[in-house]
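**Student:** Sharing a structure with you now.
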Amino acid sequence: MKIGVISGAEICQPVLYHLASKKANVTLFYAGLPGVETTKQMLSFCEAYRIPIVVETTKDNIYEWVHNDRPDLVFIMGYGRILNITRLGPLISGVFNIHFGALPNYRGPSPVFWQLKNGEKNIEVCIHRITNKADAGAIIWRKCITNEEHYTYSFLNQYLSNITLEGVDFILNGFLHGNKLMEFPQDEATATYYSLPVLKDVMIHWPAMKTAAIFNLCRACNSWNWGAITRYKGIELKILDVTIGTDKYDKEPGTIINVENNLVVACLDGSCSITFMNLNGIFFPGRHAKQFGIAIGHQLGV
C-alpha cells in the first residue's frame, strides 16, 4: 500500500517519521515555497528518511502528483487549498483530512488559535473524509484532551501532530484488514467557521478583557505571532507569557503596577504578571522591564 501525505507545514513530520520507521511506502506532496528555509528543511528531512517529495509550484501540481504517484491512501495536514474532489478520481474514498480542532464547532484554517483564545476546556483533533466544503466531511476518528495551562499555539500544534499518529494507525489498520470504518456525519446546524486571525483578533484590549482572556490570548499567539499585541508609548509590545494575579488595584486597566520581579499590570478583574515579552523585536523577561525604561504608572495600550 502506498500512503500519500499532503501538507504545507512541518506538523506533518511526526506522521512521516512514524510511517517511514514502520517501513511503509510513503510519499509527500509539500506546499512550501521553493528556496525558503522551511522547504529546505523539509527536503532535508525527506532525504534523511528516504521519503519521495514533490514541492508544489502551481495549484494543479497536486492533481498531477495524484495521477503520477497513485497513492492508495492520503492524509492531509495543514494544506491551504480545498481540493476539487472530482479531480481525485477513485482515490477520493481514501483521502482523509487531519484537523486540529473540534468539529463542527471549529472549522477553518487555524483551529488551535481559536480554541486557545476562546479558553475551551478541552482541545480536539479529528480525522474526517474530505468534501468540496472545508472541514465538513464525516468524522472517522477523534480525540479530546484537556486544555492545560502550559499549552501554547506552537506547543499544541506539535503535541497534536504526535497524538494524530493514533488516528492514522486506526485508519491504516482498517484499510489493511478490510474493515469498514464507521463514519459520523457533522451537524451543519452547529457548524462554525473561523477565518485566519487578523490584527484585531491578536490585540489586547485592556479596558474590556479580563485576566483569563489576556492569558488565553497570549498562549494563542505564542509563538507564531511572537505574542499578543499591545503598545507602549506608541511602540508595538508583544506579550508571550503572563501569569494571572488575584490582587486588585484601583488603577485603570493597562496601568503598570510593579517592575521589580516581573512586569505587573492592572487588569479589569485583578492583575497579570508579564513574564516574557517582545518590544519592537527585542525579546526579554519581565524582570528586566525597567532596564528598557518601563516604569510604575506607565500605561500599556497607548
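The values are calculated or read from the model by the stated rules, or taken from the named source; none is laboratory data. All figures in this text were calculated on a predicted structure; none of them were measured in a lab. We place every Cβ from the backbone using ideal geometry, glycine too, and count neighbours over all the protein chains shown. Keep in mind that these areas ignore ligands, DNA and RNA; they rest on the heavy atoms of the full protein, side chains included. Shrake-Rupley method; radii C 1.70, N 1.55, O 1.52, S 1.80 Å.
**Student:** For segment 191-232, name all the residues that are outside any loop (DSSP other than H, G, I, E, B), out of contact with any Leu (no Cβ under 9 Å at 6 or more places or on another chain) and within 30 Å of residue 139 (Cα to Cα).
**Tutor:** If the condition is that a residue be outside any loop (DSSP other than H, G, I, E, B), out of contact with any Leu (no Cβ under 9 Å at 6 or more places or on another chain) and within 30 Å of residue 139 (Cα to Cα), then 193 is the only one that fits.
**Student:** How do the pairs read when you match residues in segment 89-103 that are open to solvent by less than 20 Å² (accessible area, probe 1.4 Å) with residues anywhere that are aromatic (Phe, Trp, Tyr), using Cβ under 7 Å and keeping only pairs 6 or more apart or on different chains?
**Tutor:** 96/75; 98/75
**Student:** So, one more: Could you grab me the full set of residues in segment 140-170 that are within 12 Å of residue 103 (Cα to Cα) and surrounded by fewer than 20 Cβ atoms within 10 Å (Cβ to Cβ)?
**Tutor:** Here is the first cut: in segment 140-170, the ones within 12 Å of residue 103 (Cα to Cα) are 140-144.
Answer for segment 140-170, where residues must be within 12 Å of residue 103 (Cα to Cα) and surrounded by fewer than 20 Cβ atoms within 10 Å (Cβ to Cβ): 140, 142, 143, 144.
**Student:** When segment 1-41 is examined, which residues are found to be open to solvent by less than 20 Å² (accessible area, probe 1.4 Å), of a type in the set (Gly, Ala, Ser) and modelled with pLDDT of 95 or more?
**Tutor:** The answer is 4, 7.
**Student:** Could you grab the pairs with beta carbons closer than 9 Å, sequence gap of 6+ or different chains, first residue in segment 38-52 and under 11 Å from residue 16 (Cβ atoms), second one open to solvent by 60 Å² or more (accessible area, probe 1.4 Å) and outside any helix (DSSP H, G or I)?
**Tutor:** Going by the 9 Å Cβ cut-off, the qualifying pairs are 46/52.
**Student:** When segment 87-125 is examined, which residues are found to be of a type in the set (Phe, Trp, Tyr) and closer than 23 Å to residue 182 by Cβ? Steps first, please.
**Tutor:** At the first step, the residues of segment 87-125 found to be of a type in the set (Phe, Trp, Tyr) are 96, 100, 106, 113-114.
Once the filter is applied, which keeps residues that are of a type in the set (Phe, Trp, Tyr) and closer than 23 Å to residue 182 by Cβ, segment 87-125 yields 96, 100, 106.
**Student:** Pairs under 9 Å by beta carbon, first residue under 13 Å from residue 188 (Cα atoms) in segment 120-144, partner open to solvent by less than 30 Å² (accessible area, probe 1.4 Å) and acidic (Asp, Glu), six or more apart or different chains?
**Tutor:** none
**Student:** If you go through segment 230-266, how many residues are modelled with pLDDT of 95 or more, open to solvent by 10 Å² or more (accessible area, probe 1.4 Å) and under 30 Å from residue 158 (Cβ atoms)?
**Tutor:** Residues that pass the stated criteria total 6.
**Student:** Okay, moving on. Name the residues in segment 68-89 that are at pLDDT below 90 and in contact with a strand residue (DSSP E or B) (Cβ under 6 Å, 6 or more places away or on another chain), would you?
**Tutor:** Within segment 68-89, no residue meets the criteria.
**Student:** Then there is this: Of all residues in segment 180-211 being at pLDDT 95 or above, surrounded by fewer than 18 Cβ atoms within 10 Å (Cβ to Cβ) and of a type in the set (D, E, K, R), which is nearest to residue 247 (Cα to Cα)?
**Tutor:** That would be 210.
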